[in-house]
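Okay, structure first, notes after.
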Amino acid sequence: MNSIFSLQNLRKSHGERLLLNVEALEMLRGSTYLLLGENGVGKTTLLKIMAGLEAADNGNFQFDGQSVNNASERAALAPRLIYVHQHSYLFYTSVAENIGYGLKLRGIAKNERDQLVAAEMAWAGISHLRDVPPNQLSGGEKQRVAMARARVLKPELLLLDEPTANLDDAAREQVVELIAHMRDANNCVVIATHDKELSEMQDAVKLKLEDGRVQ
Amino acid sequence: MTLLQATQQAFELLLGGDAALWNIIGVSLRVSTLALICAVPPAVAMGFALATFTFPGRRVLVVLLQTLLALPTVVIGLIMYLLLSRQGVLGAWHWLFTQQAMILGQAVLAFPILAAMTLSAVQSVDKRAAETAKTLGAGRMQAMWTVLLEARFAVLVAITTGFGRVLSEIGCAMMVGGNIAGVTRNITTAIALETSKGEFAQGIALGVVLVALALAVNFTMAFFQGKGLTR
């Protein structure tokens, strides 16, 4: 089965306002999806609901053929499914420990962890920042750390919220490279974005969110 | 004796290693440190729980904590005295006028400061910290632990503030400790006693130590605050 994530009859309201009303949506392995739309249309909310960080009022969800209707069930999919914030949050520790955080949770031994972290830092071009705390990093460097931290866990579905916001060209290229890498590995990436360049990406399925519906 | 002579004598006592004087300082440090060790785990746990969970009675507990912050030490001393006195609920422990009673009293005194400051520290952690932990594979408990670690500098400030409060209080130590020489006499109770006797030298010497300790506590606090603020 090629489907990695699907949802049906998703409804989410904020107070009286119906924010999301999505009849059906299916995401396939090896594909990239661009979630487009104006500010405040619910792109972040949709990604957070998919990641189990927010509950939906109603909806059926499947991940890799398995039903994950409760937010807690979807949250438990991590790190097979990873959500990366628009402004990534880095823990107040070194860059290396940030990247190794998820590996440590998975019980990977320190030696192996150190090797994996070193390889990711080399990929992201941040090996020289190994012991630097987050308060000494630029916005672009922080985003690179967040990308490396997600990539090292080899997620099958990666949800990126405005990944290129306020990034320089080099960091933007890295995001594009990460997306290509994910696609080549037969994984799926969903990107909520305003970025014009990113939204013109070839081979990506464009989903427009308008009035709570996916067009 | 002039103030200058008393101050000169005070420094002679301090630098000469006066045994009685250093014993008093030792009692203060020992009692306050042990009180803090007893109070920190439950207070931090309570502050964290109040910041993290919503449950019936949560608001009442927060108001109660805030009220306890403003309670004079002598009132806490009185309550502890009544509890520890022979007819009190804890009378069977025979702790009145012992260091244990002072430790218990100071732990009760430190508890609301530690809990209230931990509550504020955890509440001020960015909501994305828990979300990031969860999305990287942390379970509920692991995510909560990560949030507490993110608040660690502010929690250390709370602990330092609590230490400053118990070290400099007099009401509770006097009432449940009894100011017994060599046993429960600490810096603050000794200053009060020596001053009332007109023995200013020892009072000044202990005052100097207390001010030095207060400075050390505040520098430590400023260091941790700085660490937390430069994020």
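Can you name the residue in segment B:5-40 that is over 17 Å from B:A214 (Cβ atoms) and β-branched (V, I, T) and, of all such residues, is modelled with the lowest pLDDT? Here the residue is B:T7. Pairs are defined by a Cβ separation below 6 Å, a sequence spacing of at least 6 or placement on different chains, a first member in segment B:127-142 that is more than 7 Å from every other protein chain (Cβ to nearest Cβ), and a second member that is assigned to a helix (DSSP H, G or I); the pairs so defined are B:A130/B:A143; B:A130/B:V147; B:A133/B:A143; B:A133/B:T146. In segment B:171-199, the residues that are buried (at least 18 other Cβ atoms within 10 Å of the Cβ) reach residues that are small (G, A, S) and not in a helix (DSSP H, G or I) with C-beta atoms within less than 7 angstrom, at least six apart or across chains, in these pairs: B:T184/B:G178. Applying the selection to segment A:32-56, what residues are away from every other protein chain (no Cβ under 14 Å) and part of a helix (DSSP H, G or I)? Selection gives A:K43, A:L46. Only one of the numbered conditions (1) farther than 30 Å from A:D169 by Cα; (2) among the hydrophobic types (A, V, I, L, M, F, W, C); (3) more than 10 Å from chain B (Cβ to nearest Cβ); (4) not in a strand (DSSP E or B) is not met by A:F61, and that is (4). Residue check: A:E141 meets all listed conditions (1) touching a Lys or Arg at 6+ places or on another chain (Cβ under 8 Å); (2) among the acidic types (D, E); (3) open to solvent by 10 Å² or more (accessible area, probe 1.4 Å); (4) closer than 22 Å to B:E131 by Cβ but one, namely (1).
On the given criteria, is B:L90 more than 9 Å from chain A (Cβ to nearest Cβ), touching a residue at least 60 places away in the same chain (Cβ under 8 Å) and of a type outside the set (D, E)? When the stated conditions are applied, B:L90 does not pass them.
If you take the residues in segment A:107-124 that are charged (D, E, K, R) and more than 18 Å from A:M182 (Cβ to Cβ), which one is surrounded by the most Cβ atoms within 10 Å (Cβ to Cβ)? Looking at residues that are charged (D, E, K, R) and more than 18 Å from A:M182 (Cβ to Cβ), I get A:R113. Where helices (runs of 4 or more DSSP H) fall entirely within segment A:81-185, those with at least 2 residues that are out of contact with any helix residue (DSSP H, G or I) (no Cβ under 9 Å at 6 or more places or on another chain) and away from chain B (no Cβ under 13 Å) are at A:110-124, A:169-184.
With respect to the conditions (1) at pLDDT 95 or above; (2) not in a helix (DSSP H, G or I), B:R231 lacks only one, and its number is (1). Might you check whether a residue that is buried (at least 19 other Cβ atoms within 10 Å of the Cβ) and closer than 14 Å to A:E210 by Cα occurs anywhere in segment A:24-32? No, segment A:24-32 contains no residue that is buried (at least 19 other Cβ atoms within 10 Å of the Cβ) and closer than 14 Å to A:E210 by Cα. With respect to the stated conditions, B:T73 is hydroxyl-bearing (S, T, Y), crowded, with 19+ Cβ neighbours inside 10 Å and away from chain A (no Cβ under 14 Å). Selection over segment B:79-109 of residues that are in contact with a helix residue (DSSP H, G or I) (Cβ under 7 Å, 6 or more places away or on another chain) and basic (K, R) gives a count of 0. All of (1) part of a helix (DSSP H, G or I); (2) open to solvent by 20 Å² or more (accessible area, probe 1.4 Å) hold for B:T54 with one exception: (1).
Every condition in (1) within 26 Å of B:G207 (Cα to Cα); (2) surrounded by 12 or more Cβ atoms within 10 Å (Cβ to Cβ) is met by B:A19 except one, and the failing one is (2). Selection of segment A:1-20 for residues being touching a Leu at 6+ places or on another chain (Cβ under 9 Å), in a strand (DSSP E or B) and more than 23 Å from A:N39 (Cβ to Cβ) yields A:S3, A:I4, A:F5, A:S6, A:Q8.
State whether the residues of segment A:83-105 include one that is touching a Gly at 6+ places or on another chain (Cβ under 7 Å) and without any contact (Cβ under 8 Å) to a residue 40 or more places away in the chain. Yes, there is a match, as at least one residue in segment A:83-105 is touching a Gly at 6+ places or on another chain (Cβ under 7 Å) and without any contact (Cβ under 8 Å) to a residue 40 or more places away in the chain. Take A:A170 and decide whether it is of a type in the set (A, V, I, L, M) and free of Cβ contacts under 8 Å to residues at least 60 places away in the same chain. Yes; evaluated as a whole, the condition is true for this residue.
Which is surrounded by fewer than 17 Cβ atoms within 10 Å (Cβ to Cβ) and more than 19 Å from the chain's Cα centre (by Cα), of A:S127, A:S72?
Just one listed residue meets the conditions, A:S127.
The residue of segment A:65-80 that is farthest from the other protein chains (Cβ to nearest Cβ), among those that are touching a helix residue (DSSP H, G or I) at 6+ places or on another chain (Cβ under 9 Å) and without any contact (Cβ under 8 Å) to a residue 24 or more places away in the chain, is A:S67. Taking B:T161 as the residue in question, decide whether it is within 13 Å of another protein chain (Cβ to nearest Cβ), among the β-branched types (V, I, T), farther than 30 Å from B:Q5 by Cα and out of contact with any Phe, Trp or Tyr (no Cβ under 6 Å at 6 or more places or on another chain). For B:T161, the condition - within 13 Å of another protein chain (Cβ to nearest Cβ), among the β-branched types (V, I, T), farther than 30 Å from B:Q5 by Cα and out of contact with any Phe, Trp or Tyr (no Cβ under 6 Å at 6 or more places or on another chain) - is not met.
The values are calculated or read from the model by the stated rules, or taken from the named source; none is laboratory data. Being a predicted model, the structure only gives us computed values, none of them experimental. Cβ coordinates were reconstructed from backbone atoms using ideal geometry, including for glycine residues, and neighbour counts include every protein chain displayed. The protein model used for the area step is the full one, side chains on, heavy atoms only, and it has no ligands, DNA or RNA in it. Shrake-Rupley method; radii C 1.70, N 1.55, O 1.52, S 1.80 Å.
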